[in-house]
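**Q** Next up is a structure, given as structure tokens.
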Amino acid sequence: MFRSPSARCLSISAFQHFSVSAFQRFSIYPMHTLPVIGLPVAATTYEGAVEWILTHAADADRAYAVEAANTHVAALARSDAAFGETMRRFDLIVPDGMPLVWALNRQLPPERRIPDRVYGPTLMLETLKATQGRAEFRHFLLGGRQSTLDKLREVFAARFPGAAIAGMHSPPFGEWPPDEFDRVCGMIRSSGANLIWVGLGCPKQEHWIARNKDRLPPGVYFGIGAAFAFHAGEVKQSPPMLQKIGLEWAYRLAMEPRRLFKRYFTYNSLFLWHLIRDIARN
């Protein structure tokens with residue numbers, strides 16, 4: 001997973017041009033951002049993130065991209081040039097992991113520090129809650145198995161009866177056939193959705209959103225990762241206490257060691273290494 005020195009230099013050099021001011025110029029709703037190992041992360045709460053999302057979705061004239069970044073996303077963006085370029089196309093990046101919250105807060109005065117992370121699966125629920133009874137907001141679920149999507153429809157209908165789930169689609173796993181993208185865009189457009197939740201797994205979902213951003217129907221697109229499986233009850237979330245102290249990764253690793261060991265060992269280590277180096281430099 002570790003790249004050659006030349007590849008790492010290329011990646012870091014490319015990311016140095018990813019300035020906070022460049023990130024902010026796309027926002028019509030002001031959002032204070034700070035760099036976390038080069039990634040411009042919004043120092044915000046659930047309330048602030050939902051307000052940004054709904055403001056952009058209500059009058060969307062293009063596709064906006066939102067990411068809830070954890071240590072994996074941040075470290076991958078710093079160490080992989082292609083993923084770094086992908087993240088440059090995102091309009092709002094919120095701190096999904098507590099280590100990102102701690103990195104943000106050390107740059108902020110005490111009165112401006114944020115109390116908690118903006119966890120992607122919870123952000124999804126908060127957005128659904130905020131759009132109940134508001135006809136101008138419609139949701140579309142893209143990704144996962146059809147059985148998962150069917151469970152989500154039932155869960156969301158029970159928890160958020162006033163939120164409009166306008167459509168859902170389970171695309172093929174692996175390579176999509178040539179006409180699949182046009183088919184997906186047609187479904188989103190015809191549904192009238194302006195809040196599109198993309199659960200294709202990281203980094204596939206981020207690459208898909210960024211690569212197609214100029215061709216996607218207007219709306220706010222979220223790279224939502226494992227949220228579909230969590231909310232459908234297929235995968236257990238870690239206890240709130242472990243989430244609060246930044247040990248959600250340890251719980252998930254214990255649940256899925258074979259799948260997650262390499263990811264957490266590599267990218268948690270990379271995140272810590274880059275963070276310590278940046279602190280020492282500054």
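**Q** Being part of a loop (DSSP other than H, G, I, E, B) and either within 20 Å of the chain's Cα centre (by Cα) or surrounded by 14 or more Cβ atoms within 10 Å (Cβ to Cβ) (or both) is the filter here, so list the residues in segment 114-156 that pass it. Give the derivation first.
**A** Quick first cut of segment 114-156, residues part of a loop (DSSP other than H, G, I, E, B) only: 114-119, 131-137, 144-145.
Across segment 114-156, the qualifying residues are ILE114, PRO115, ASP116, ARG117, VAL118, TYR119, THR131, PHE137, GLY144, ARG145.
**Q** Within segment 48-81, can you find the residues that are free of Cβ contacts under 8 Å to residues at least 60 places away in the same chain and part of a helix (DSSP H, G or I)?
**A** Within segment 48-81, GLY48, GLU51, TRP52, THR55 qualify.
**Q** So, one more: Taking the options ILE245, ILE224, name whichever one is β-branched (Val, Ile, Thr) and within 18 Å of ARG89 (Cα to Cα).
**A** ILE224
**Q** Kindly provide the set of residues from segment 246-265 that are touching a helix residue (DSSP H, G or I) at 6+ places or on another chain (Cβ under 8 Å), part of a helix (DSSP H, G or I) and either farther than 13 Å from THR71 by Cβ or not aromatic (Phe, Trp, Tyr) (or both), ordered by number.
**A** GLU248, ALA250, TYR251, ARG252, LEU253, LEU260, PHE261, ARG263
Yes or no, residue by residue, for (1) modelled with pLDDT of 95 or more; (2) more than 23 Å from ILE209 (Cα to Cα); (3) small (Gly, Ala, Ser):
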{"site": "GLU85", "(1), (2), (3)": "yes, no, no"}
{"site": "PHE90", "(1), (2), (3)": "yes, no, no"}
{"site": "VAL101", "(1), (2), (3)": "yes, yes, no"}
{"site": "GLY120", "(1), (2), (3)": "yes, no, yes"}
{"site": "SER147", "(1), (2), (3)": "yes, yes, yes"}
{"site": "GLU154", "(1), (2), (3)": "yes, yes, no"}
{"site": "ALA158", "(1), (2), (3)": "yes, yes, yes"}
{"site": "PRO171", "(1), (2), (3)": "yes, no, no"}
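**Q** Hey, ILE93 hits all of (1) under 14 Å from the mean Cα position of the chain (by Cα); (2) without any contact (Cβ under 8 Å) to a residue 24 or more places away in the chain but one; which does it fall short on?
**A** (2)
**Q** Out of the residues in segment 263-282 that are modelled with pLDDT of 80 or more and of a type in the set (D, E, K, R), which is farthest from GLY201 (Cα to Cα)?
**A** Looking at the filtered set, the residue picked out is ARG281.
The values are calculated or read from the model by the stated rules, or taken from the named source; none is laboratory data. Everything numeric in this text was worked out from a predicted model, so none of it was measured. Every residue, glycine as well, gets a Cβ built from its backbone with ideal geometry; the counts of neighbours run over all protein chains shown.
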